[in-house]
Amino acid sequence: MTDSQSVSHAHKQWEDKLVNKTIARFPEREKEFTTVSGVPVDRLYLPDGVEDGYLDKLGFPGQYPFTRGVQPTMYRGRFWTMRQYAGFSTAEESNKRYRYLLEQGSTGLSVAFDLPTQIGYDSDDPMSAGEVGKVGVAIDTLADMEKLFDSIPLDKVSTSMTINSTAAILLAMYIAVGEKQGVPPEKLEGTIQNDILKEYIARGTYRFPPKPSLRIISDIFAYCTKHVPSWNTISISGYHIREAGSTAAQEVAFTLADAICYVETATKAGLSIDDFAPRLAFFFAAHTDVLEEVAKFRAARRLYARIMKERFNAGNPKSWMLRFHTQTGGVTLTAQQPDNNVIRVTLQALSAVLGGTQSLHTNSKDEALALPTEESVRVALRTQQVIAYESGVANTIDPLGGSYAIEKLTDQIEEQAMQYIKKIDEMGGMVHAIETGYVQRQIEESAYRYGQSVEKGERTVVGVNKFQTDEAPNCEIFTVPPETTKKQVDGLKAVRDKRDPRKVEQALAAVKKAAQGTDNLMPVILEAVKAYASIGEVCKTLQEVYGEYTESFN
Amino acid sequence: MNQVTHKARILIAKPGLDGHDRGAKYVAHILRDAGFEVIYTGIRRSPEQIVAAAVQEDVAAIGLSVLSGAHIELFGRVLELLKGRGASDIAVFGGGTIPPADVPRLEAMGVAAVFTPGSSAASIIEKLDKITAVGA
């Protein structure tokens, strides 16, 4: 008998004799155990020959297919970047919060913009009513951006900006602020989210239709390759897909299908894959089902490496690496008993670290109710610091690698994700799969199934459908200062009065001309923001050429 | 198995610029399951568009979902526009990321019910049965 035969023989005997006898007396808690995504979980995982395929499937950290991590020493070299997403009200207010976070040991900035800024409306636009400064900081012109980074040297900090349809404009402003500080573009480090496809799928801050939006993205890739080489030009995001309700495997699948679309768009535009692919970055969610999440991150890395090498023939190992940011799952936070959220966030952050994340945002306990207070943000940051400095999990690479359960779950998620990608390929690619609503429907169905399983009590959410208390949530609530809109609108008016209107007009005309033709949009947008043209003005100009995307009633 | 009876017509709407539509779609789905006739607007509608659709479709209630913190302004604007069109018989309810202190404030403005995260489907359906029965 071979080893694996004797294991499987002994396994059967164990099931027959020991397990069945035990179950007859003490039934298990569930008939079928599943992950939070609904994947069956076995009673026990066994050696399944993973050692035979070790080099092919797992390999070594920093080497293809990167299942065990993208860097050769991972957190033994340095910890992940602790990057808390923050921003609210005016640039002055947010600047204070950033300086506080840096003092508290944050190692990178992550800017949250308000919705008008994300969609390209000025603060005085009727569309912006009620939204100015609410979910992030309001930026209308370069003047706001200068205040946002006041006393924060851009050559000393890396900055991530959650900005998509208006990413080119905000990146141009960041470059312009750098120049004013005496920091040349090649020294700037950071990330723009710039992932428009998931906006149509799940997040909703689109402005223009898919085709021109993809063209703007290609222009950013080309421009940054030449002028801002250390900048991550896109953060291809599964986070919002998961927040909208997808399963873990769908999160991986739809994110990588988006990546495939961006790579195809850029190569069709004439860019060489190894020139831009090393600057592609990713962004995933971390939910509370620890084993499934660890497996998800590992599966995503392996699958992406194979796609880049085998499908796109990328030759540079950096093009094969899936580097990612993680945020803990906003939807998992409960309004009931908010203190419990600290524990959820801890488990989620742990799964991101065990899964090999490059940077991490931990949510605050009060975020099912409002934006977080400074105190709750500090606890969230401390959670990461305790994992880093006290838990010991950062001292060896991929500590769960080789766990029978983790390896099997990794294989399963990879396999499921490949099935979805195959289906999307057959449909003619991601743009088509989005336009027909296929992707959105898949996510909505998963969200519905999950919601129903909680309603029926098949799945327990502590404090929500079990272990409830009658106590009203007893925590301080953050509120955006009510004078924000007026301050912002007054500031915008002052900038409009002071700037040279002729320069603005010329710059906007140049933007329009580039949009109508094929010249790269970045240089003309940079000139426009330097002339203090507002976000709303640049977007209106682009909209005259590209039109606007809207969702239909159903 | 589904003993679905014909119930009132409801408009589920996303006012403002917020794109988080998981809750709105979920509520639309459970209300359809419960026998309501539901129209969902999709995201990023102005209060004007929402009220026009509600009047045109002759709905009994409008459900507003706001997660961006702009709920006071947006709920207020919808109520004001309904009043202006003599359509205050259309009940307004809603949900989203709404701090507990704002719930009584919204109710005082005339919002019939506010469902915050964790509200069960059963509680939403029960309340809507009551709200829409009043107008019938």
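The values are calculated or read from the model by the stated rules, or taken from the named source; none is laboratory data. Note that the structure is predicted; figures quoted are calculated from it, not measured. Note that each Cβ is placed from the backbone with ideal geometry, even for glycine, and that neighbours are counted across all protein chains shown. Keep in mind that these areas ignore ligands, DNA and RNA; they rest on the heavy atoms of the full protein, side chains included. Shrake-Rupley method; radii C 1.70, N 1.55, O 1.52, S 1.80 Å.
Of the residues screened, B:I98 is not one that is at pLDDT 95 or above, surrounded by 13 or more Cβ atoms within 10 Å (Cβ to Cβ) and within 14 Å of chain A (Cβ to nearest Cβ). Within region A:234-249, the set of residues being crowded, with 24+ Cβ neighbours inside 10 Å and either β-branched (V, I, T) or in a helix (DSSP H, G or I) (or both) comprises A:I234, A:I236, A:Y239, A:H240, A:I241, A:R242, A:T247, A:A248, A:A249.
Residue-level analysis places A:L256 outside the set of residues that are assigned to a helix (DSSP H, G or I), within 21 Å of A:A433 (Cβ to Cβ) and open to solvent by 10 Å² or more (accessible area, probe 1.4 Å). One residue stands out among those in region A:140-158 that are touching a Gly at 6+ places or on another chain (Cβ under 9 Å) and open to solvent by less than 10 Å² (accessible area, probe 1.4 Å): the one that is farthest from the other protein chains (Cβ to nearest Cβ), which is A:L154. If you go through region A:482-500 and keep only what is surrounded by 13 or more Cβ atoms within 10 Å (Cβ to Cβ) and within 13 Å of chain B (Cβ to nearest Cβ), you end up with A:T484, A:T485.
Give region A:530-546 a look and list any residue that's of a type in the set (G, A, S) and within 14 Å of chain B (Cβ to nearest Cβ), or say none.
Passing the criteria: only A:G536.
Within region A:328-351, residues that are within 11 Å of another protein chain (Cβ to nearest Cβ) reach partners that are of a type in the set (G, A, S) and open to solvent by 30 Å² or more (accessible area, probe 1.4 Å) with beta carbons closer than 8 Å, at six or more positions or on different chains, in the pairs A:T334/B:G118; A:A335/B:G118; A:Q336/B:G118.
Can you find, within region A:339-348, the residue that is nearest to A:E367 (Cα to Cα) among those that are surrounded by fewer than 20 Cβ atoms within 10 Å (Cβ to Cβ) and among the β-branched types (V, I, T)? Only one residue tops the list, namely A:V342. Residue count for region B:111-136, restricted to those that are under 23 Å from A:I477 (Cβ atoms) and away from every other protein chain (no Cβ under 14 Å): 2.
What is the residue count in region A:187-216 for residues that are among the acidic types (D, E) and either without any contact (Cβ under 8 Å) to a residue 24 or more places away in the chain or open to solvent by 10 Å² or more (accessible area, probe 1.4 Å) (or both)?
Final tally of qualifying residues: 1.
Considering B:R85, B:R9, which residue is under 13 Å from the mean Cα position of the chain (by Cα) and away from every other protein chain (no Cβ under 11 Å)?
None of the other options fit; the residue is B:R9.
In region A:312-338, how many residues are of a type outside the set (S, T, N, Q), surrounded by 20 or more Cβ atoms within 10 Å (Cβ to Cβ) and more than 25 Å from A:R279 (Cβ to Cβ)? The number of residues fulfilling the criteria is 4. Scanning region B:101-130 for residues that are open to solvent by less than 20 Å² (accessible area, probe 1.4 Å) and of a type in the set (G, A, S) returns B:A113, B:A121.
All of A:L354, A:L371 fail the test of being modelled with pLDDT of 95 or more and open to solvent by 10 Å² or more (accessible area, probe 1.4 Å), apart from A:L354. The condition (being outside any strand (DSSP E or B) and open to solvent by 40 Å² or more (accessible area, probe 1.4 Å)) is satisfied by just one residue among A:E264, A:E293: A:E264. Pairs linking a residue in region B:92-107 that is within 11 Å of B:A70 (Cα to Cα) to a residue that is β-branched (V, I, T) and open to solvent by less than 20 Å² (accessible area, probe 1.4 Å), with Cβ atoms under 8 Å and 6 or more positions apart or on different chains, are B:G96/B:V66; B:T97/B:V66; B:I98/B:V66.
Filtering region A:231-259 to residues that are β-branched (V, I, T) and within 20 Å of A:T334 (Cα to Cα) leaves A:I241, A:T247.
Results for (1) surrounded by fewer than 21 Cβ atoms within 10 Å (Cβ to Cβ); (2) over 27 Å from the mean Cα position of the chain (by Cα); (3) away from chain B (no Cβ under 14 Å), shown as yes or no for each residue.
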site: A:V504; (1), (2), (3): yes, yes, yes
site: A:A515; (1), (2), (3): no, yes, yes
site: A:A528; (1), (2), (3): no, yes, yes
site: A:E548; (1), (2), (3): yes, no, no
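For region A:107-129, name all the residues that are in contact with a Lys or Arg (Cβ under 8 Å, 6 or more places away or on another chain) and either open to solvent by 10 Å² or more (accessible area, probe 1.4 Å) or under 18 Å from B:H71 (Cα atoms) (or both). Selection gives A:T107, A:D114, A:L115, A:D124, A:A129.
When you look at B:A54, is it surrounded by 21 or more Cβ atoms within 10 Å (Cβ to Cβ), facing chain A (nearest Cβ under 10 Å), under 14 Å from the mean Cα position of the chain (by Cα) and within 19 Å of B:A133 (Cα to Cα), yes or no?
Judged against the criteria, B:A54 is not a match.
For region A:100-132, the set of residues classified as within 11 Å of chain B (Cβ to nearest Cβ) and on the phi > 0 side of the Ramachandran plot consists of A:G120, A:G130, listed by residue number.
Among the residues making up region A:443-466, those that are under 24 Å from A:T255 (Cβ atoms), open to solvent by 30 Å² or more (accessible area, probe 1.4 Å) and facing another protein chain (nearest Cβ under 8 Å) are A:E444, A:Y448.
Given the criteria in contact (Cβ under 8 Å) with a residue 40 or more places away in the chain, touching a Gly at 6+ places or on another chain (Cβ under 7 Å), more than 13 Å from chain B (Cβ to nearest Cβ) and over 14 Å from A:L492 (Cα atoms), does A:S94 qualify? Considered against the rule, which asks whether it is in contact (Cβ under 8 Å) with a residue 40 or more places away in the chain, touching a Gly at 6+ places or on another chain (Cβ under 7 Å), more than 13 Å from chain B (Cβ to nearest Cβ) and over 14 Å from A:L492 (Cα atoms), A:S94 comes out as yes. Just to be sure before I move on: is A:E103 open to solvent by 20 Å² or more (accessible area, probe 1.4 Å), among the acidic types (D, E), more than 30 Å from A:R302 (Cα to Cα) and touching a Lys or Arg at 6+ places or on another chain (Cβ under 9 Å) in the structure I sent? In short, no.
How many residues does region A:36-70 contain that are under 30 Å from A:V331 (Cβ atoms) and either open to solvent by 60 Å² or more (accessible area, probe 1.4 Å) or touching a Gly at 6+ places or on another chain (Cβ under 7 Å) (or both)?
7
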